[in-house]
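Have a look at the structure below before the remarks.
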Amino acid sequence: MTTTADQTATAATRYVPEEPGFWSRLAYRWPVKLVILAIVIIWVIPTVGVLISSFRPQDAVNSTGWWTVFANLGSNEWTFSNYTDVLSSEGFGNAFLNSLSVTIPATVIPITIAAFAAYGFAWMEFPGRQWLFVLVVALLVIPIQMSLIPLLRLYTTIDLNGTFPALWLAHTGFGLPLAVYLLRNYIGSLPSSMMESASIDGATHFETFTRLVVPLSVPVLASFAIFQFLWVWNDLLVALVFLGGEADVRVVTLALNNLNGSRGEAWHLLTAGAFITMALPLAVFLSLQRYFVRGLTAGSVKG
Amino acid sequence: MTDRTSFDAEQTDVSDPGGPVSVPYKGPGPNFTTQLLRIGVSVAVPLIAFGILYWAGTVVLDENANRVLVVFVALIIGVFGVFALFYAMDWVTNRMPERYAHYVRPFVFVGPALVLLGVFLLYPAVVTFRLSLQDANGEGFVGIDNYIEIFTDSGTLEALRNSVLWVIVVPALAVSIGLAFAVLSDKLGSKGEAISKSFIFMPMAISFVGASIVWRFIYNFRPEGFGDQIGLLNGIWAGLGNAPVAWLLQEPWNNFYLMVILVWLQVGFAMVILSAGIKSVPDDVLEAARIDGANEFQVFWQVIIPMIAPTLVVVLTTIVITVWKVFDIVFVMTSGEFGTSVVAERMVTEFFTFGNEGRGAALAVFLLIAIIPLMVLNVRRFREQEAQR
């Protein structure tokens, strides 16, 4: 690296913004490209290994490393049977639908409730408006671990353990502080002249909210929706505690965890199961990358 | 604007911080009935919603229900149900005499959120704190015994030691690699930069469980004489002529092998935020430094780093918070055995495996205390940024 630094130093002393001579550009660019390529390869290899293994027959997965497929590209056998096995006999098909049933309401409910609250905090007058909002922000610090034991007891008394509503409500509660906070910041920064003219035109708060504020807030709502969707989909802890691993209700993360526990060396199944678990988040990532980045970066402080 | 911890990109630059729309209302003030109605509308939405969810989730969608139907009903309830409840509440409020409706209406909007926060965060936090002062069965009062045990019991001490290690190593590595990658990829063409960044960021979409399986495969070990190594690391290691190693059993190094997984997941986050920070450093500042004779190395350390320091702090604190709460990775990889337990994982183990409610609660309180200062720092930074806009 020292040579690179020296090269660029000489280039910089006779600094020409448009054309840093051919040789210095070459000397400067190639090491950078190589380092980046190396990091990218290291980052991608783990996932590639899983993907390749999930399409190899059981015998092949267990007898040779997945990287050997590159040595004899023509003579490899490929199969979908790992996926059909995992989806049917290991219950990942059901788990995938269960995950959807958990995740969709657990995403939409907190956003709806938080958007109403954010509008109320930003544009309505009531006693305690400021300190109630400060309280909501303060709740950001409470880690989920603080809620597990009392909520489990509460759920036990009302017989809610092991049901989807248990998870919908829990994820709603856990997601609310961040959602209210972020949406309040966004909705509060909409121009007040707009709100006033809506009010002069006779719009009620409810109409202002649904016809004006919600359409204007689509980007922030989408970002938070994606963040919350991924958070719930990828969650293991909350599902483990309130839903449990029974076959009829378990979600993909629990199914994968159970498979890992019961058949920890069945790599042909584990790799396929892992990929089924990842497929939807990765699809979301690839198609909605812009919103995804903003949602994740904003939501990364979630408790 | 130095980073993107907020949804600021779409926002127009509005100096007005926002505030209540002043509705000219000169009627009588709130009275006792008003307060009752306020509480009523706040509680009504969550309560009715709970009733419907309970009915939908347990009666209609029992174990034998068709899975596609389950998804469908969940979708309908999630998308329309809650909104319809708010609509109904607003309708009811509008039918009240205005002397009540005026005061009650805001609570139609904020009430449900406040009630849910109370039930799912505030109330449990208080109960957990109380439990942390009680014995294993959550009955007799034992004072701070649980906290003393945390710092004396060898099992929890090990979890504490490991968590501290995680908190030092993971953020340091994630931020260093993320920063290096952000700086280097900045020097590529815009297309190369975007593509290479998405590869690094991609693991962030993967669940901790999924990532753990991915890396268990990497660390896979077979004793010599039991066939070829199928784990990549042992494949390389054995290929170099060494005896294969059971990586996850090597105390204390196995802790670091687990940390690698979280670094793999978090570098993308650090990289994206730091990259936005680096790009916000004005070009003329960099040019001025170069014209003054600074080399790229000096530009990086003496211009870029000081200018993105606030962003660096946010990224570090955010990752530290994530690290304190890491549970899934340890749970899936080793179940906290072989000297790898961490606080958040130990909390679950104490409670669910050992049935020790008091100690589990005390560990949760410990996590809360560890996180509070970091979160305060982050929120304060966020507010400063909002104020600057």
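Data for the structure
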{"read-out": "Segment B:Phe199-B:Ser154, extension gain: residue separation times 0.36 nm, minus the distance between their alpha carbons", "value": "12.1 nm"}
{"read-out": "Structure-based [θ]222 nm, chain A - -39500 (n - 2.57) summed over DSSP H runs of at least 4, per residue, nearest 500", "value": "-23000 deg cm²/dmol"}
{"read-out": "Chain B, relative contact order [Cα under 8 Å, separation at least 6], %", "value": "23"}
{"read-out": "Once exposed loop GluC sites (Glu not before Pro) are cut out (DSSP; at most 15 other Cβ, 10 Å), longest piece of chain B", "value": "B:225-336"}
{"read-out": "Amide H contacts under 5 Å for B:Gln134, placed H, 5+ residues apart", "value": "B:Val142"}
{"read-out": "Filtered trypsin sites (Lys or Arg not before Pro), segment B:95-167: DSSP coil and at most 12 other beta carbons within 10 Å", "value": "B:Arg95"}
{"read-out": "Residues A:Ser53, A:Ser89 arranged by fewest to most Cβ contacts within 10 Å", "value": "A:Ser89, A:Ser53"}
{"read-out": "Pairwise label distance in nanometres, B:Val92 with B:Leu47, each label 7 Å out on the Cα-Cβ vector", "value": "0.8"}
{"read-out": "Under 9 Å, Cβ to Cβ, from B:Pro244 - net charge with Lys/Arg +1 and Asp/Glu -1", "value": "0"}
{"read-out": "Principal axis dimensions, largest first and in whole angstrom, of segment B:258-389 by Cα", "value": "66, 34, 17"}
{"read-out": "Other protein chain Cβ atoms within 10 Å, averaged over every residue that makes up B:283-296", "value": "3"}
{"read-out": "Sites B:Ile144 and B:Asp284, calculated FRET efficiency, Cβ-Cβ separation with R0 51 Å, nearest 0.05", "value": "0.30"}
{"read-out": "Most mobile listed residue (B:Phe120, B:Phe72, B:Phe199) in chain B, GNM with C-alpha springs under 10 Å", "value": "B:Phe72"}
{"read-out": "Ranked list, fewest to most other Cβ atoms within 10 Å of each Cβ, for A:Leu139, B:Leu232", "value": "B:Leu232, A:Leu139"}
{"read-out": "Efficiency of FRET between B:Trp55 and B:Glu251 - r from beta-carbon atoms, R0 30 angstrom, step 0.05", "value": "0.05"}
{"read-out": "Computed helical MRE - 222 nm, chain B, DSSP H runs ≥ 4 contributing -39500 (n - 2.57), nearest 500", "value": "-20500 deg cm²/dmol"}
{"read-out": "Two-site FRET efficiency, B:Trp301 against B:Leu165, from Cβ-Cβ distance with R₀ of 25 Å, rounded to 0.05", "value": "0.35"}
{"read-out": "Estimated D of chain B in µm² per second, where Rh is the Kirkwood radius over Cα pairs and Stokes-Einstein applies at 25 °C, 0.890 mPa s", "value": "95"}
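Where a number appears in this text, it was derived from the coordinates with a stated rule and is not lab data. Everything quoted here is computed from the prediction, not taken from an experiment. All Cβ positions, even for glycine, are placed from backbone atoms using ideal geometry, and neighbour counts span all protein chains on display.
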